[in-house]
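Notes for the one structure printed next.
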Amino acid sequence: PAWDAISPERPLRRLRLVEVNQPGATPLTAAALRADEKIVNYIKGLNYLDDRLTPLLLPFDADSDVALPPSQQAVADEVASQLQSAASQGRGHLPLVQLVGADVASKQLVAQQVASTFGLELQRLPADLIPADFHELETLLKLWDREHRLLPVALYIDASESDAAQLERPSSPQSRFLARAGGLVFLDAPDLRHLKGRPSLSFDIAKPTATEQRDLWRELLGDEVDDATASELAGQFSLNAATIHRIAQESSLPSSTAHCPLPTAHYSWTACRRATRPRLDALAQRIDARATWDDLVLPDDETQQLREIADQIQHRSRVYDDWGFRAKHNRGLGVSVLFAGESGTGKTMAAEVIANDLQLDLYRIDLSAVVNKYIGETEKNLRKLFDAADDSGAILFFDEADSLFGKRTEVKDSHDRYANLEVNYLLQRMEAYRGLAILATNLKSSLDQAFLRRLRFIVSFPVPDTAQRRELWSKAFPTETPLAPLDLDRLARLNVTGGNIHTIALNAAFASANDGPQLSMPHILKAARAEYRKLQKPINAADFRTPELEGSTR
């Protein structure tokens, strides 16, 4: 019996409580037994995680002191109940708890709450740090098996950024670890993983509801904001409880400084924008939106359409929540818009105006970076984009949309079929998106009619007429620019778009800075002629002739 107790498969050696010290040619029967250093310290009352585990463990993003909102607390209670039921049946390992959803912080808070229910401290292990080497993996498994028996700890495997196929492959180190790791183990993944070798429980973890977010803002900011402001914050930004707590704490800082304090509502709104930027900044180009309604030069009907779009975003919370339209609207709460017009007619500026008016971030989507030739990768890229954008309800500006949203192809082979699947997936995500998605195209006729029917607004951007070009020229130069008298009527006769006018004005300013004290008509006409050449437009010499230019050519 004594010899059996120290065999490799018995707990003393399997859990590394003792090790056989067998140097050189010492026979096994004469070998000494050595207690592991961790066990010696444990007996002495020094209870800490094995130092071979701690380098692999990372801190949690979410603060465990944050209370769960009711919807998430209900999920945590259900997880604990099912775990207690499984433990009472005594069938080997506890089932793996899969927490599914896009918001990592919410999943971490739920897992921490469940662990605390059982008096356990949660440890976070990134799935990518699980060793691929067989011996290292075995060592990790044995160390964890011992630690969870000696200490009140549970394990949180963070696979939020891991490859799904690798995680589900039975031979992968992650899959083998999950199948054998003892104690209470959580798996954080965006989607449900089909794992073999161990039963699992899966739970969808969503962010707090809009009502819960509103109540949380009201509770944490107190008298600093009214109900309307709390509703606006909850209606625009979809944040987890941990982020709302952090922003609410930061919002109290301006009032305690000697600088000019910002109102709490404005500071909280700005802090929400900052908090939601990092994920989107990695996926799209953020545009600094400075243009205002006064900068737009469009026909009245198109300008009115743009204002209606801004109004729908601004009053979304009132209509959907206060007036009950959320329950009747089954295609998402966002607004999908098409901007159609030639290059330079103001599509990007219009997006900037709306973003600036609503105080929202504007992102330009590089479609060439989103579309991938490998099957399934485009959908993955789009999912990351929309999941990141959903936090802030940022305005998404898809430039040159016809390159991706063009007429769906006739299915002739598997590539055509998957191309159509990509378009359909994008349409679904746009309809479900809670913000404003703007699609810009130079060729409206190239877009599929079935796609156009699913858009709420289609705004046309015509080439400016003479009166509009005159107004564009009058707004082309900043007030600080030293201008000589300009012949706006003559400039308005140049058949160019607003984008061309901006380029001409800028080039003329640089030429003037080099030549003399004032920017004058000769500088503008010379820059306009260069722009015509760039655009390969026919040049009528009389349109660009001035006495100064004639003198310079003699």
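Restricting to segment 488-526, give me the number of residues that are surrounded by fewer than 20 Cβ atoms within 10 Å (Cβ to Cβ), of a type outside the set (D, E, K, R), in contact with a helix residue (DSSP H, G or I) (Cβ under 7 Å, 6 or more places away or on another chain) and without any contact (Cβ under 8 Å) to a residue 24 or more places away in the chain.
Qualifying residue count, segment 488-526: 2.
Residue-wise test of (1) among the small types (Gly, Ala, Ser); (2) assigned to a loop (DSSP other than H, G, I, E, B); (3) at pLDDT 80 or above.
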{"position": "Thr26", "(1), (2), (3)": "no, yes, no"}
{"position": "Asn41", "(1), (2), (3)": "no, no, no"}
{"position": "Tyr48", "(1), (2), (3)": "no, yes, yes"}
{"position": "Arg52", "(1), (2), (3)": "no, yes, yes"}
{"position": "Phe60", "(1), (2), (3)": "no, yes, yes"}
{"position": "Asp63", "(1), (2), (3)": "no, yes, no"}
{"position": "Val66", "(1), (2), (3)": "no, yes, yes"}
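Taking Leu221 as meeting all but one of (1) under 30 Å from Leu385 (Cβ atoms); (2) of a type in the set (A, V, I, L, M); (3) surrounded by 15 or more Cβ atoms within 10 Å (Cβ to Cβ), write down the number of the exception.
Only one criterion is unmet by Leu221, namely (1).
If a residue must be surrounded by 13 or more Cβ atoms within 10 Å (Cβ to Cβ) and among the β-branched types (Val, Ile, Thr), how many such residues does segment 1-47 contain?
Residues in segment 1-47 being surrounded by 13 or more Cβ atoms within 10 Å (Cβ to Cβ) and among the β-branched types (Val, Ile, Thr): 4 in total.
Tell me the strands (runs of 3 or more DSSP E) entirely within segment 111-195 that contain at least 2 residues that are on the phi < 0 side of the Ramachandran plot, assigned by TED's automatic domain parsing to the domain that holds Leu83 and among the charged types (D, E, K, R).
121-126
Given the options Ala242, Ala228, Ala248, name the one that is assigned to a helix (DSSP H, G or I) and without any contact (Cβ under 8 Å) to a residue 12 or more places away in the chain.
Details: Ala242 fails: without any contact (Cβ under 8 Å) to a residue 12 or more places away in the chain; Ala248 fails: without any contact (Cβ under 8 Å) to a residue 12 or more places away in the chain.
Ala228 is the lone residue from the list that is assigned to a helix (DSSP H, G or I) and without any contact (Cβ under 8 Å) to a residue 12 or more places away in the chain.
Any residue in segment 97-106 that is hydroxyl-bearing (Ser, Thr, Tyr), assigned by TED's automatic domain parsing to the domain that holds Gly183 and within 18 Å of Ser160 (Cβ to Cβ)?
Yes, segment 97-106 contains a residue that is hydroxyl-bearing (Ser, Thr, Tyr), assigned by TED's automatic domain parsing to the domain that holds Gly183 and within 18 Å of Ser160 (Cβ to Cβ).
For segment 337-426, which helices (runs of 4 or more DSSP H) that fit wholly inside it have 1 or more residues that are within 22 Å of the chain's Cα centre (by Cα) and at pLDDT 90 or above?
Correct list: 347-358, 377-392.
Which of the residues spanning segment 53-94 are surrounded by 19 or more Cβ atoms within 10 Å (Cβ to Cβ) and either in contact with a Pro (Cβ under 8 Å, 6 or more places away or on another chain) or without any contact (Cβ under 8 Å) to a residue 24 or more places away in the chain (or both)?
Correct list: Pro69, Gln72.
Across segment 115-141, what is the number of residues that are aromatic (Phe, Trp, Tyr) and touching a strand residue (DSSP E or B) at 6+ places or on another chain (Cβ under 8 Å)? Even if it seems obvious, please write down each step before you answer.
The initial filter retains those residues of segment 115-141 that are aromatic (Phe, Trp, Tyr), namely 118, 134.
Then keep just the ones that are touching a strand residue (DSSP E or B) at 6+ places or on another chain (Cβ under 8 Å); that gives 118.
Summing the residues that are aromatic (Phe, Trp, Tyr) and touching a strand residue (DSSP E or B) at 6+ places or on another chain (Cβ under 8 Å) in segment 115-141 gives 1.
Could you identify the single residue in Leu17, Leu56 that is modelled with pLDDT of 80 or more and under 18 Å from Asp145 (Cβ atoms)? Please lay out each step first, then the result.
Working: Leu17 fails: modelled with pLDDT of 80 or more.
It is Leu56.
Among the residues that make up segment 107-128, is at least one of them of a type in the set (A, V, I, L, M), at pLDDT below 90 and either in contact with a Lys or Arg (Cβ under 7 Å, 6 or more places away or on another chain) or under 23 Å from Tyr48 (Cα atoms) (or both)?
Step one: list which residues in segment 107-128 are of a type in the set (A, V, I, L, M), which gives 109-111, 114-115, 120, 122, 125, 127.
If we keep only those that are at pLDDT below 90 as well, we get none.
Scanning segment 107-128, I find no residue that is of a type in the set (A, V, I, L, M), at pLDDT below 90 and either in contact with a Lys or Arg (Cβ under 7 Å, 6 or more places away or on another chain) or under 23 Å from Tyr48 (Cα atoms) (or both), so the answer is no.
Quick one: is Glu471 over 20 Å from Val297 (Cβ atoms), out of contact with any Ser or Thr (no Cβ under 6 Å at 6 or more places or on another chain) and of a type in the set (Asp, Glu)?
Working: over 20 Å from Val297 (Cβ atoms): no; out of contact with any Ser or Thr (no Cβ under 6 Å at 6 or more places or on another chain): yes; of a type in the set (Asp, Glu): yes.
Spelling it out, it is not the case that Glu471 is over 20 Å from Val297 (Cβ atoms), out of contact with any Ser or Thr (no Cβ under 6 Å at 6 or more places or on another chain) and of a type in the set (Asp, Glu).
Within segment 226-245, is there a residue that is under 23 Å from the mean Cα position of the chain (by Cα), more than 30 Å from Ala310 (Cβ to Cβ) and surrounded by fewer than 19 Cβ atoms within 10 Å (Cβ to Cβ)?
Within segment 226-245 (the criterion being under 23 Å from the mean Cα position of the chain (by Cα), more than 30 Å from Ala310 (Cβ to Cβ) and surrounded by fewer than 19 Cβ atoms within 10 Å (Cβ to Cβ)), the answer is yes, since at least one residue qualifies.
The values are calculated or read from the model by the stated rules, or taken from the named source; none is laboratory data. This is a predicted model, so every value here is computed, not measured. Positions of Cβ are backbone-derived with ideal geometry, glycine not excepted, and every protein chain shown enters the neighbour counts.
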